[in-house]
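Visitor: Take a look at the following structure, please.
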Amino acid sequence: MIGQLANQDKFSNVTFSPRGGGTGTNGQSLTSGVVVDLSRHMNKVLEINEDEGWVRVQTGIVKDALNDAVRPFGYFFSPDLSTSNRATLGGMVNTDASGQGSLKYGKTSDHVLSLQAVFADGSLLESSESVDVLNEGTFAKQAVEIARQVCASQQALINEKFPPLNRFLTGYDLKNAYQADDDSFDFTRILCGAEGSLAFITEAKLNLTPIPKARTLINVKYNSFDSALRNAPFMVEANALSVETVDSRVLNFAKQDIVWHTVSDLISDVPGKEMLGLNMVEYAGQDEEEVAQAVKALTDSLDEKLKTEQDGIIGYQVTNDVGSIGRIYNMRKKAVGLLGAVKGSAKPIAFAEDTCVPPETLLILSLSSAHCLMVTNSITACLGTWMQVYCMCVRHWTCAILNKNL
Ligand SMILES: Cc1cc2nc3c(=O)[nH]c(=O)nc-3n(C[C@H](O)[C@H](O)[C@H](O)COP(=O)(O)OP(=O)(O)OC[C@H]3O[C@@H](n4cnc5c(N)ncnc54)[C@H](O)[C@@H]3O)c2cc1C
């Protein structure tokens, strides 16, 4: 209906912007026109195929609600993000979201089988179907044909310019949409990461991942945040499902919140030492023996390092209990949210959000950005990293009045 209205001449100046949970950090769903909230009424699970392991949903469904619906079938939608209790599948598809677990599970676009897209003239396409079924002259047909032509004719330039990243940048995935060897073109790749700029995505067919039979979380504690960062390559090489580094400031926020009571025994202080950094390392899989071996290899190596006081490691704690693991991740997700709701005039201001960084250069980058802040503002920095996607976020701890003067 929106497409049919937008297609009328008298509404040609009106812009429509799709909105999911509104958690996009760049305010992408905002517009001076009409914001269409898909989370309100388009949030249903349409079909679950247990045998083939896929689900079809309306895209206003929240990610945690989707997992609640498919859990009884032994599946989950594996790309994760901190805002999973409010971000929608439409938002995830359009920002190609990923987060905890992405070393193994990849990003949203890796799990999209097909998308239903509605264009501004009301034309509609199912992205897995052939372009031949689309009506001539429609926006849907034009979008597919032009995107295909650009990808095929500019492939050399696209390959030269696009960085070799495992986590793809938000934007049209021109690099992976076209395959020269068999001359195939996948328009789903263009829609994923399009930030709502091409069409409203109304339905999505998504592949599901079997819930792992075994899960173990190892919380490695450090005497400094730098030590935790310096350990990044070692943790990534240990072939974990995910590695998350949290600094002492984020930990302290959590400690002041009621959420800490749910995890205090799982991340306890080390007597006589100050815990200023944490690496949360998870192993998971279908084969319990394989997971146990990987955990043993890491803990043996941690024991050695502890004996010789290497790498600033002051202790570690292991948990296999799924409920406890969930509580720890919930604490981490909440702590990041708490950063945005800090009381007083000093606020953590976003400085580098979701910046892709090779693990071995995390420390250098973190230190240099903190140093830069100290030179300019003489105030401390708050750092948080999501290493498993080589993705760094830096929040500078600065004062509202200072900001005003900048
Ligand atoms: C504290 C915090 C932590 C975060 N952590 C992560 C993280 O770990 N990983 C990560 O990837 N991101 C993270 N984000 C960013 C954000 O949560 C994601 O980008 C999320 O996927 C957005 O989903 P949403 O439903 O809120 O989308 P919105 O913010 O509503 O929209 C995002 C974009 O998608 C478009 N869009 C939404 N729905 C549709 C639709 N149905 N059809 C077409 N276009 C649509 C909008 O127009 C907009 O351009 C975080 C954000 C915050 C505030």
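Visitor: Using the structure shown, decide if residue 22 is in contact with a His (Cβ under 9 Å, 6 or more places away or on another chain), surrounded by 13 or more Cβ atoms within 10 Å (Cβ to Cβ) and part of a loop (DSSP other than H, G, I, E, B).
Guide: Criteria not met by residue 22.
Visitor: Let me ask something additional. Can you give me the number of residues within region 264-278 that are among the β-branched types (Val, Ile, Thr) and in contact (Cβ under 8 Å) with a residue 60 or more places away in the chain? Steps first, please.
Guide: So in region 264-278, the residues among the β-branched types (Val, Ile, Thr) come out as 267, 270.
Remaining after also requiring in contact (Cβ under 8 Å) with a residue 60 or more places away in the chain: 267.
Of the residues in that region, 1 qualify.
Visitor: Kindly establish whether residue 147 is touching a Leu at 6+ places or on another chain (Cβ under 9 Å) and within 12 Å of the ligand (Cβ to nearest atom). Please lay out each step first, then the result.
Guide: Working: touching a Leu at 6+ places or on another chain (Cβ under 9 Å): yes; within 12 Å of the ligand (Cβ to nearest atom): no.
When the stated conditions are applied, residue 147 does not pass them.
Visitor: Please find, within region 2-31, the residue that is farthest from the ligand (Cβ to nearest atom) out of those that are among the hydrophobic types (A, V, I, L, M, F, W, C) and free of Cβ contacts under 8 Å to residues at least 24 places away in the same chain. Let's see the steps before the verdict.
Guide: Pass one, region 2-31, residues among the hydrophobic types (A, V, I, L, M, F, W, C): 2, 5-6, 11, 14, 16, 30.
Retained after the next criterion (residues that are free of Cβ contacts under 8 Å to residues at least 24 places away in the same chain): 5, 11, 14, 30.
Details: 5: 17, 11: 19, 14: 16, 30: 9 Å.
My answer is 11.
Visitor: Any idea which of (1) more than 16 Å from the ligand (Cβ to nearest atom); (2) farther than 20 Å from residue 275 by Cα is the one residue 218 doesn't satisfy?
Guide: Of the numbered conditions (1) more than 16 Å from the ligand (Cβ to nearest atom); (2) farther than 20 Å from residue 275 by Cα, the odd one out for residue 218 is (2).
Visitor: Select, from 197, 242, the only residue that is closer than 25 Å to residue 311 by Cβ, within 16 Å of the ligand (Cβ to nearest atom), of a type in the set (Gly, Ala, Ser) and under 25 Å from the mean Cα position of the chain (by Cα). Let's see the steps before the verdict.
Guide: On the way: 197 fails: closer than 25 Å to residue 311 by Cβ.
One residue alone meets the criteria, 242.
Visitor: Restricting to region 177-225, what's the tally of residues that are touching a Ser or Thr at 6+ places or on another chain (Cβ under 8 Å) and either surrounded by fewer than 19 Cβ atoms within 10 Å (Cβ to Cβ) or among the β-branched types (Val, Ile, Thr) (or both)?
Guide: Residues that pass the stated criteria total 7.
Visitor: Does residue 223 satisfy the condition of being at pLDDT 90 or above, of a type outside the set (A, V, I, L, M, F, W, C) and away from the ligand (no atom under 15 Å from the Cβ)?
Guide: On the way: at pLDDT 90 or above: yes; of a type outside the set (A, V, I, L, M, F, W, C): yes; away from the ligand (no atom under 15 Å from the Cβ): yes.
So residue 223 passes the test.
Visitor: While we're on this one: If we only count helices (runs of 4 or more DSSP H) wholly inside region 32-140, which ones have 1 or more residues that are among the acidic types (Asp, Glu) and within 14 Å of the ligand (Cβ to nearest atom)?
Guide: Working: elements: 38-41, 63-70, 89-95, 102-105.
Passing ranges, in order: 63-70.
The values are calculated or read from the model by the stated rules, or taken from the named source; none is laboratory data. Note that the structure is a prediction, hence the values are computed from the model and not measured. A quick note on method: Cβ atoms are made from the backbone with ideal geometry, for glycine too, and the neighbour counts reach across all protein chains shown.
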